[in-house]
1. Checking Leu286 against (1) surrounded by 16 or more Cβ atoms within 10 Å (Cβ to Cβ); (2) in a helix (DSSP H, G or I); (3) among the hydrophobic types (A, V, I, L, M, F, W, C): exactly one of these is not met. Which one?
2. Got a number for residues in the range 189-212 being farther than 18 Å from Ala241 by Cα and either in contact with a Gly (Cβ under 7 Å, 6 or more places away or on another chain) or among the hydrophobic types (A, V, I, L, M, F, W, C) (or both)?
3. Quick check on my filter: what residues within the range 83-134 are polar (S, T, N, Q) and either closer than 30 Å to Asp225 by Cα or without any contact (Cβ under 8 Å) to a residue 60 or more places away in the chain (or both)?
4. Considering only residues that are closer than 20 Å to Arg168 by Cα and of a type in the set (Asp, Glu), which ones fall in the range 233-254?
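None of the figures in this text is laboratory data; all of them are computed from the coordinates on show. All figures in this text were calculated on a predicted structure; none of them were measured in a lab. Cβ coordinates were reconstructed from backbone atoms using ideal geometry, including for glycine residues, and neighbour counts include every protein chain displayed.
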Amino acid sequence: MSTQLLLIIGLALAMGLGAIILIIVGVRGPSTAEQVEARLAEYGSRAQPVTLEELELSQPFSQRIIKPMLGGLARFVARFTPQQSLEATRHKLELAGRPNNWGPAEFWGIRALAGVLMAALVFLLMSMSRQPLRQSLMYSGLVGALGFYLPTAWLGSKIKRRQEDVVRNLPDALDLLTICVEAGLGFDAAMSKVTEKWDNELSRAFERANREIRLGKLRREALRDMADSIGVPDLSSFVAAVIQAEQLGVSIAKVLRIQSEQMRIKRRQRAEEQARKAPVKMMIPLILLIFPSIYIILLGPALLLVVDTDVLGSIF
């Protein structure tokens, strides 16, 4: 592969990634309630009445152009996407915390747009450099497939970060729940205290479960949905223990105390596991980076001395 071709593909990848980031940033906007409040405030602050067209033109470019185009592309792509794939994407978006309030159709639209955009950039740049048509089509297809996969990789990393955040904060949240319940608060009020105390993925999950309970959903169903939307085994076992205690009439405070102790033991075990993995992980930088530097520092002067005195020449 020539250097010119590598430069073209690298430039196309950089431009494609930049375009994808701009699309995501453009689509990311305030929520629907915030948009309505902002538009009402703007309408009320005007001295003269304005028309609907003027009010629409005052919106950002991303809300007027990019978001409707992406919505149309998402609906078009959703027609040809199997329902099973849409359901799997919906579950992954739930595990990721519904970033930007995207649905499965919008996410598939972003994937299609990213693939088409990166493939078109590669084809355009290779055509401008007068590369053969067959080669241009081949590399455009490969880069387009990469662009189609990149949003999925981003979503997977977001799911992993969210689950790690929940696992890290779960023991502290259980301690607070235990203290609140033993002090006389109900379980729902204790979850509200967790929401007030912290602002992380776990507290937001508790807040959503509390909101669903206030709207009339059964507590066990709200807790199960919370555990399913995060996908962490520790949280699922905690929810199962709380539901079982509620159904059997066991003291929730006692169950919370036991669960809190178990979570702390598991967190200590995970820390010990990571500590035991550290020496193995350190071998790669030691071998590739530190040992060669030590050899250069220790043997370099001796090698220069050997060269200056021509010892090798006298031996041979």
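1. (1)
2. Total satisfying the criteria: 4.
3. Across the range 83-134, the qualifying residues are Gln83, Gln84, Ser85, Thr89, Asn100, Asn101, Ser127.
4. The one that is closer than 20 Å to Arg168 by Cα and of a type in the set (Asp, Glu): Asp234.
Residues are listed down the side, and each one gets a yes or a no for (1) closer than 30 Å to Leu113 by Cα; (2) touching a residue at least 24 places away in the same chain (Cβ under 8 Å); (3) hydrophobic (A, V, I, L, M, F, W, C); (4) surrounded by fewer than 21 Cβ atoms within 10 Å (Cβ to Cβ):
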site	(1), (2), (3), (4)
Cys180	no, no, yes, no
Ala209	no, no, yes, no
Gly216	no, no, no, yes
Arg220	no, yes, no, yes
